[in-house]
Amino acid sequence: MIKFSCAFTLLLAFSFSLQASNIPPRPNNGREYISHARVFKKWQDWQGQAEIALSDRKFRAGTRKTQVGLRYQITTHEKIGLHLSAQTGLRHNTDWIPRATNPSLFTWRQTKDRLEGIGILEAQTKRWLGRTGLAWDARLRWLYFEHNQFQSLQAKLGLLWPRKGVSPGLNTEFSFPLNYGDTGLDEFWAYGLAIIDITPRLKQILKVGPGFYRWTRPEVLGAATYHTVYPNIRFEIDFNYYFQ
Amino acid sequence: MYKLLFLSFSCFIHSLCFSQTVLYTRGEVRLNDTIVQKETVFKPGDRFKTGENALAILDLGSGSKLKVESASEVLIETIDHASKGSLIQMARGKIIARARKIESQKDLFNISTPTASFGVRGTEFFVAVEQAEELDTWMCVHKGQVIAKGRHETQTKVVNQGEGVRINKDGTSDPRFLPWTKKLNWELDNPEDIAANDGALKDAYHDPLGQDYD
């Protein structure tokens, strides 16, 4: 038993030392705070939207985002959309770099002030779940990051119980890398949400739930490929204003 | 002589089977500007108007019934169970109609509003004429099937059980489930369970599916 205990302790110490050398240090706590302010305006089958976002995303560096988009309603239930986004503070796998002072240790590149453009194409469907009064929606987004030509696919599945006053719901979001990394999934978030009608045109949206990022450091100069997963709890508070 | 007697008897039986009477009233219900009560007989060409918080249930004969809700105006244009069927014209307000199952052309039941017309094939359905940003007709089907057509449209749309449409000058929306219609009171028989659908349209203009929250 003592032998087993010693072996386990050694193994644990070894794995920590391995992580310490190759994996950038994790933030102290796993909580992220995100906030959006959005406006929506409809013209017949078209809907324009603009949003700004601030976030304290320790796992991605603090991001600031400005985004404009246009959606077109193809049928009662289906829409397609195009969004253009400018963000600072995004983090990519390629930002997992050796420290300048000690190349055997790794860290994250400072990206707080790095401005990136992102193009987003999306398709979504929303339908009633029979006559239950519940609505489900699915959304697929293709993202193109101009900074490094990375492409990813984001999927969202949601269930909402639209009600007057407060509409509760459950959502999950997945992100899949298309031309980078070597894993099938690099981001996940499952969360509960509540849409609160402050006025008929102004809504507050609260989201909270667990998620994770999975980072991959690509093989560089013969060094091995490393992975790390950063689990977190995300809290989001949004304000949406609908001009129509 | 026998023929005359037979004809009179047939007319008597027909009037018993297909007589049109007011089955129930609540609040101020007017028939051609005269306040009416339960069991008043009416005929084609008569016009019903209901006041605020009023409603009436009309027996159109042959198993068909009409609930005229508050602040409504309805013209009973024809009730012809022998040949052409029935036509109800609705100027404003809300109604719930129960039309007997169609067996022939003479059982056709049609309702027209300022923006739409509906052909009914044995069903229960709700119709509301609402002046919002523009004049709208809302219709939803509780049982059976309704053929809907906008006033200026040539194509009809089939609205199935559980679905509804909105019709205005822009045309007829695609039939789909309208969640606010789940709260409608469809009772036409038991007076104790009959309730007004006054607030029914309050949520009609809010479309949760059309609104993104991202």
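For the stretch B:45-71, a tally of residues being within 22 Å of B:GLY144 (Cβ to Cβ) and modelled with pLDDT of 90 or more returns 8.
Residues that are in a strand (DSSP E or B) and either out of contact with any Leu (no Cβ under 8 Å at 6 or more places or on another chain) or touching a residue at least 60 places away in the same chain (Cβ under 8 Å) (or both) occur at least once in the stretch B:103-111. Within the stretch A:139-165, the set of residues being farther than 16 Å from B:ASP212 by Cα and surrounded by 18 or more Cβ atoms within 10 Å (Cβ to Cβ) comprises A:LEU143, A:PHE145, A:PHE150, A:SER152. A count restricted to the stretch A:1-41 and to residues that are modelled with pLDDT of 60 or more and either of a type in the set (Ser, Thr, Tyr) or over 20 Å from A:SER85 (Cα atoms) (or both) stands at 14.
For A:LEU129, the test of being touching a residue at least 12 places away in the same chain (Cβ under 8 Å) and more than 14 Å from every other protein chain (Cβ to nearest Cβ) is failed.
For the stretch A:42-60, a residue qualifies if it is part of a strand (DSSP E or B) and either at the interface with chain B (Cβ under 10 Å from one of its Cβ atoms) or modelled with pLDDT of 90 or more (or both), and the qualifying residues are A:LYS42, A:TRP46, A:GLN47, A:GLY48, A:GLN49, A:ALA50, A:GLU51, A:ILE52, A:ALA53.
For A:ASP113, the conditions (1) surrounded by 13 or more Cβ atoms within 10 Å (Cβ to Cβ); (2) not in a strand (DSSP E or B) are fulfilled apart from (1). Selection of first residues in the stretch B:198-214 that are more than 9 Å from chain A (Cβ to nearest Cβ) and of second residues that are aromatic (Phe, Trp, Tyr) and buried (at least 18 other Cβ atoms within 10 Å of the Cβ), restricted to Cβ pairs under 7 Å at least 6 apart or on distinct chains, gives the following pairs, ordered by first then second residue: B:ALA200/B:TRP180; B:LEU201/B:TRP138; B:ALA204/B:TRP138; B:ALA204/B:TRP180.
As for the stretch B:135-144, it holds at least one residue that is over 15 Å from the mean Cα position of the chain (by Cα) and surrounded by 15 or more Cβ atoms within 10 Å (Cβ to Cβ).
Could you grab me the full set of residues in the stretch A:199-232 that are of a type in the set (A, V, I, L, M), out of contact with any Phe, Trp or Tyr (no Cβ under 6 Å at 6 or more places or on another chain) and at pLDDT below 95? Listed by number, the residues that qualify are A:VAL220, A:LEU221, A:ALA223, A:ALA224. Restricting B:ASP214, B:ASP193, B:ASP198, B:ASP189 to those that are of a type in the set (D, E, K, R) and over 17 Å from B:LEU66 (Cα atoms) reduces the list to B:ASP214. Of everything in the stretch B:50-95 that is among the charged types (D, E, K, R) and outside any strand (DSSP E or B), the residue that is nearest to B:GLY27 (Cα to Cα) is B:GLU52. Determine, yes or no, whether A:GLN73 is modelled with pLDDT of 95 or more and of a type in the set (S, T, N, Q). In short, no.
For the stretch A:69-95, filtered to residues that are more than 13 Å from A:GLU122 (Cα to Cα) and either aliphatic (A, V, I, L, M) or within 14 Å of chain B (Cβ to nearest Cβ) (or both), the residue that is surrounded by the fewest Cβ atoms within 10 Å (Cβ to Cβ) is A:THR75. Note on the stretch A:149-198: among residues that are within 13 Å of chain B (Cβ to nearest Cβ) and acidic (Asp, Glu), the one that is farthest from A:THR94 (Cα to Cα) is A:ASP197.
The values are calculated or read from the model by the stated rules, or taken from the named source; none is laboratory data. These numbers were taken from a predicted model, which means no experiment stands behind them. Cβ coordinates were reconstructed from backbone atoms using ideal geometry, including for glycine residues, and neighbour counts include every protein chain displayed.
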